[in-house]
Amino acid sequence: MVFSCMNMPFKRAKSSYVKACLQEDDDQDYQLVINDFNDYIQTGSNPALKVQAKLLRSNYYYFLGKNELDKKEYDKAATLFFLSNSDQADTLLDNCYFHLANNFIKNSEYATAMDYLSFIIDNLDNSNFLPQVLYKKMKIQFEIDNLPGKSYLTYQIIKNKFPANQSTNSARKVVNEYMPAFIEQAKSIWRNGNYSQSIDELLSYLQYPADYQGEITSTIGDVYFSWGNNLIKENQLVDAEEKLYKAKSYKPNLNNAIHEKLEEICTIYIKKGDMLLTERKIDEAINSYQSPLKIFDEYPTSISKIEQAQQIKSNIEKADKLVREGSNSFVDEKYQQALHKYRQAYEFDHTETILQKILLAKRWIRITEDPKSFARDIIQNYQDGLLIKEIKHIENEAKSIYSLSEITISPWLVMRSTARNSYEVRLTITTPNESHIFFWVVKLETGKIIPLNTSTEEMMKQKKGIE
């Protein structure tokens, strides 16, 4: 009996609940029923009945909320459904919030309307009203809050979740109102040279283009083309080629302009190869000549230039081999043989280095075969015959004063010096009043002339200096 008394609040609440659900008591005070359930849930001792009390309380809230919904008392119904905290209540809670949001929109209370719309989106994602809710939210974001960016993000949710829904079609019309501005903003970013950022924005629009897919795609092609052209100017040819091909994929009618730019890239590769060839970087030049063949299947200029470079490479290799052979002969003091090899090498590779080896071989041939004549020739050829001209001038002055019988001009006297491959060269002009003695040492290996007396030293100083 005591146990029964303790369960009385539960029994009373249950009885009232049943009568209400059967609509046997129109004057039922629902708050008293709820209080009885609450009291038992808080103080009851039977765990099973406490669980049942919670369930019945939830159902009762749902029942009451449904009654209010039928009367279109959406605010009251929403409160009761919220208190029900059940799946069945949630299926009608969105109905309440949706109608409440519509009422607030009609009254221009957009902030409050947005709270209700956001609640449905965040908490009732299985709601049948969700497409309409998202549509209304994006309209408010654009038309009232002036936030087209946020509106566009909401549109993406509609598009992803409800691609064929009527609300999605309506939402697309909203996007069409601000998509031109989005595209223009991306163009402005492009005009400021931020190609990558512009492309990223346009590609994001292309995923949800509304009715502007064609214009977005075409603009992406233009940006890639402009980017490629700029990379050509910066000599970043590989990247430029990549961007031009992307431009073509987005905007095929740029094909002719892109072809011209690719031709320009090929021309740059050829010129670069020519420069490398003059620097004797043969393999690098060949690589540069080959680059146009990666762009076009046939590029005659590349083929011709590659053949030319390969021939030059072969000639250089032949010349190097002959120079090595000549240098070996030179070390063995076989100067004629060395000269022959150097001359053959020069026919394959006209370089100053090989030419100097030829001159060196010739010098040593003369040093070994006719050193005295070579020493005299060095004196006579010094600075385009400067010394001979000076001697001739002295001779002519003597002839203007004295008769030939009074003038004695000795033959050129050449004799070995104490230094290796050095020779003394002498010449004397004698007149009744003075003698002009010219005396030098000539170093055959270097061609250097050293004056050995005052007259020759003065002669060389007055002109171009002593070597």
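The values are calculated or read from the model by the stated rules, or taken from the named source; none is laboratory data. From a predicted model like this one, the values you see are computed outputs, not experimental measurements. Virtual Cβ from ideal backbone geometry, glycine too; neighbours counted across all protein chains shown. Accessible surface is based on the protein model in full, side chains and every heavy atom, while ligands, DNA and RNA are left aside. Shrake-Rupley method; radii C 1.70, N 1.55, O 1.52, S 1.80 Å.
Within the range 271-281, the set of residues being surrounded by 20 or more Cβ atoms within 10 Å (Cβ to Cβ) and either under 14 Å from residue 301 (Cα atoms) or in contact with a Lys or Arg (Cβ under 7 Å, 6 or more places away or on another chain) (or both) comprises 273 only.
Exactly one condition in (1) assigned to a loop (DSSP other than H, G, I, E, B); (2) more than 30 Å from residue 291 (Cβ to Cβ); (3) within 21 Å of the chain's Cα centre (by Cα) is not met by residue 193; state its number. The single condition residue 193 does not satisfy is (2).
With respect to residue 344, is the statement that it is free of Cβ contacts under 8 Å to residues at least 40 places away in the same chain, under 51 Å from the mean Cα position of the chain (by Cα), loosely packed, with under 12 Cβ neighbours inside 10 Å and part of a helix (DSSP H, G or I) true? No, not satisfied. Considering the conditions (1) within 19 Å of residue 441 (Cα to Cα); (2) surrounded by 13 or more Cβ atoms within 10 Å (Cβ to Cβ), residue 411 is excluded by exactly one of them, (2).
Of the set (1) out of contact with any Leu (no Cβ under 7 Å at 6 or more places or on another chain); (2) open to solvent by 80 Å² or more (accessible area, probe 1.4 Å); (3) assigned to a helix (DSSP H, G or I); (4) not β-branched (Val, Ile, Thr), all apply to residue 254 but (2). Within the range 204-226, restricting attention to residues that are open to solvent by 50 Å² or more (accessible area, probe 1.4 Å) and assigned to a helix (DSSP H, G or I), the residue that is farthest from residue 251 (Cα to Cα) is 207.
Here residue 294 fits the description: open to solvent by 30 Å² or more (accessible area, probe 1.4 Å), part of a helix (DSSP H, G or I) and modelled with pLDDT under 95. Please determine, by comparing only the residues of the range 366-407 that are outside any helix (DSSP H, G or I) and either of a type in the set (Asp, Glu) or open to solvent by 80 Å² or more (accessible area, probe 1.4 Å) (or both), which one is farthest from residue 442 (Cα to Cα). That would be 384. Of all residues in the range 432-448, those that are closer than 15 Å to residue 380 by Cα have Cβ atoms under 7 Å from Cβ atoms of residues that are of a type in the set (Phe, Trp, Tyr) and surrounded by 12 or more Cβ atoms within 10 Å (Cβ to Cβ), 6 or more apart or on another chain, in 442/423; 444/374; 444/423. Applying a threshold of 8 Å to beta carbon distances and a minimum spacing of six or more residues, or different chains, the list of pairs starting in the range 197-214 at a residue that is without any contact (Cβ under 8 Å) to a residue 24 or more places away in the chain and ending at one that is among the hydroxyl-bearing types (Ser, Thr, Tyr) and crowded, with 19+ Cβ neighbours inside 10 Å reads 202/219. Among residues of the range 297-326 being among the hydroxyl-bearing types (Ser, Thr, Tyr) and surrounded by fewer than 14 Cβ atoms within 10 Å (Cβ to Cβ), the one that is farthest from residue 243 (Cα to Cα) is 314. Of the residues making up the range 85-129, those that are among the acidic types (Asp, Glu) and in a loop (DSSP other than H, G, I, E, B) are 109, 125. Screening the candidates 339, 355 for the property of being at pLDDT 95 or above and surrounded by fewer than 16 Cβ atoms within 10 Å (Cβ to Cβ) yields one hit, 355.
One line per residue, one yes/no per condition, for (1) in contact (Cβ under 8 Å) with a residue 24 or more places away in the chain; (2) among the basic types (Lys, Arg); (3) surrounded by 18 or more Cβ atoms within 10 Å (Cβ to Cβ):
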site	(1), (2), (3)
138	yes, no, yes
142	yes, no, yes
145	yes, no, no
155	yes, no, yes
160	no, no, no
165	yes, no, no
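One residue stands out among those in the range 227-242 that are open to solvent by less than 30 Å² (accessible area, probe 1.4 Å) and in contact (Cβ under 8 Å) with a residue 24 or more places away in the chain: the one that is nearest to residue 186 (Cα to Cα), which is 228.
Restricting attention to the range 115-158, the residues being touching a Ser or Thr at 6+ places or on another chain (Cβ under 7 Å) and of a type in the set (Phe, Trp, Tyr) number 2. Scanning the range 84-112 for residues that are closer than 20 Å to residue 136 by Cβ and of a type in the set (A, V, I, L, M, F, W, C) yields 92, 93, 96, 98, 100, 101, 104, 105, 111. Selection over the range 130-169 of residues that are charged (D, E, K, R) and part of a loop (DSSP other than H, G, I, E, B) gives a count of 1.
Counting only residues that are in a loop (DSSP other than H, G, I, E, B) and in contact with a strand residue (DSSP E or B) (Cβ under 9 Å, 6 or more places away or on another chain), the range 408-419 holds 5 of them.
Answer yes or no: is there a residue in the range 421-436 that is open to solvent by 50 Å² or more (accessible area, probe 1.4 Å), assigned to a strand (DSSP E or B) and on the phi < 0 side of the Ramachandran plot. Among the residues of the range 421-436, at least one is open to solvent by 50 Å² or more (accessible area, probe 1.4 Å), assigned to a strand (DSSP E or B) and on the phi < 0 side of the Ramachandran plot, which makes the answer yes.
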